[in-house]
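Structure, as structure tokens:
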Amino acid sequence: MRLHARRTSSNCQKVLWFLGELGLDYEFVPTGGDHGGLDDPAFRALNPNGRVPTWVDEHGAVWESHTLLRYLAAVHAKGRFWPEDPAARSRIERWMDWSQSGFDAAFMALFWGHWRTPEADRNERLNRMNAKRAAAALEVLDAELAGHDYVVGDALSLADIPIGALLYRYANLDVTEKLPGHVASWYARLVERPAFQEHVMLPFDELKGRLRA
């Protein structure tokens with residue numbers, strides 16, 4: 001088993017964190033960014049989009065980070081992080097989808113617009129708008145977290161991974177709002193997890209003012 005990934009990619013960090021929670025042994029293949037390799041014919045044969053993360057095992061290649069999370073949970077966790085019951089699974093799925101279209105979309109637009117764009121080229125009006133969008137999304141999540149320790153219930157599930165993987169950057173960016181109370185408590189629980197510390201709580205200074213991946 002091997003993972004083609006870049007450790008400073010937020011999408012890769014989702015998968016790396018989850019692999020850490022699973023405790024799987026696999027080969028890490030640095031790909032993308034300064035490592036290059038995205039346009040190599042051998043890699044394009046695995047992922048025609050030329051993007052990371054891309055996972056390879058005895059069944060072939062799997063790409064797209066949320067699909068990869070579900071695949072790993074189904075193959076290696078047997079219902080632990082992604083239930084087999086359709087109704088229970090839908091609770092997790094909806095928060096994964098919400099993350100991608102809601103909080104992730106707003107925050108990553110802000111992250112690219114503020115942190116990864118050179119200061120002279122920033123659109124401050126648009127950045128303020130995306131900061132408010134991201135904060136509003138976290139208020140929705142805050143209400144959900146009022147009743148339990150994690151996004152869906154009192155144990156870590158796939159619902160936590162996509163949103164949680166961005167919170168370290170959100171909490172340490174200089175233009176974001178303070179985490180709401182229940183989200184802050186949830187984030188504190190994530191910070192205690194060794195796999196989160198290893199794969200998500202990484203410096204991102206090298207990305208400042210850098211518009212290319």
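The values are calculated or read from the model by the stated rules, or taken from the named source; none is laboratory data. These figures come from a predicted structure and were not determined experimentally. Note that each Cβ is placed from the backbone with ideal geometry, even for glycine, and that neighbours are counted across all protein chains shown.
Anything in the range 55-108 that is at pLDDT 95 or above, hydroxyl-bearing (Ser, Thr, Tyr) and within 15 Å of the chain's Cα centre (by Cα)? List them, or say none. Within the range 55-108, SER65, THR67 meet the criteria. Looking at LEU126, LEU69, can you tell me which residue is closer than 25 Å to TYR168 by Cβ, in contact with a helix residue (DSSP H, G or I) (Cβ under 8 Å, 6 or more places away or on another chain) and either crowded, with 18+ Cβ neighbours inside 10 Å or not assigned by TED's automatic domain parsing to the domain that holds ALA155 (or both)? Selected residue: LEU69, the only one of LEU126, LEU69 that is closer than 25 Å to TYR168 by Cβ, in contact with a helix residue (DSSP H, G or I) (Cβ under 8 Å, 6 or more places away or on another chain) and either crowded, with 18+ Cβ neighbours inside 10 Å or not assigned by TED's automatic domain parsing to the domain that holds ALA155 (or both).
When the residues of the range 1-53 are filtered to those that are among the basic types (Lys, Arg) and within 14 Å of the chain's Cα centre (by Cα), the one that is surrounded by the fewest Cβ atoms within 10 Å (Cβ to Cβ) is ARG7. Listed conditions (1) on the phi > 0 side of the Ramachandran plot; (2) out of contact with any Phe, Trp or Tyr (no Cβ under 8 Å at 6 or more places or on another chain); (3) not basic (Lys, Arg) are all met by HIS76, apart from (1). The combined condition, being at pLDDT 95 or above, at negative phi and surrounded by 14 or more Cβ atoms within 10 Å (Cβ to Cβ), is fulfilled by VAL183.
From the list ALA155, ALA159, ALA136, exactly one residue is surrounded by fewer than 17 Cβ atoms within 10 Å (Cβ to Cβ) and either under 21 Å from ARG193 (Cα atoms) or in contact with a Ser or Thr (Cβ under 6 Å, 6 or more places away or on another chain) (or both). Which is it? Write out each step before concluding.
Numbers: ALA159 fails: surrounded by fewer than 17 Cβ atoms within 10 Å (Cβ to Cβ); ALA136 fails: either under 21 Å from ARG193 (Cα atoms) or in contact with a Ser or Thr (Cβ under 6 Å, 6 or more places away or on another chain) (or both).
After ruling out the rest, the residue left standing is ALA155.
Taking first residues from the range 8-33 that are in contact (Cβ under 8 Å) with a residue 24 or more places away in the chain and of a type in the set (S, T, N, Q) and partners that are in a helix (DSSP H, G or I) and surrounded by fewer than 17 Cβ atoms within 10 Å (Cβ to Cβ), the Cβ contacts under 7 Å between residues at least 6 apart in sequence or on separate chains come to THR8/GLU206.
Going through (1) closer than 25 Å to TYR150 by Cα; (2) crowded, with 21+ Cβ neighbours inside 10 Å; (3) in contact with a strand residue (DSSP E or B) (Cβ under 9 Å, 6 or more places away or on another chain) one by one, TRP82 falls short only on (3).
Of the candidates GLU192, GLU206, the single residue that is exposed (fewer than 13 other Cβ atoms within 10 Å of the Cβ) and free of Cβ contacts under 8 Å to residues at least 40 places away in the same chain is GLU192. Restricting the first member to the range 64-93 and to residues that are more than 20 Å from SER10 (Cβ to Cβ), and the second to residues that are among the aromatic types (Phe, Trp, Tyr) and surrounded by 14 or more Cβ atoms within 10 Å (Cβ to Cβ), the beta-carbon pairs closer than 7 Å and six or more apart or on different chains are ALA74/TRP82; ARG89/TRP82. Regarding ASP160, is this residue over 22 Å from PHE28 (Cα atoms), acidic (Asp, Glu), touching a strand residue (DSSP E or B) at 6+ places or on another chain (Cβ under 7 Å) and at pLDDT 95 or above? It is true that ASP160 is over 22 Å from PHE28 (Cα atoms), acidic (Asp, Glu), touching a strand residue (DSSP E or B) at 6+ places or on another chain (Cβ under 7 Å) and at pLDDT 95 or above.
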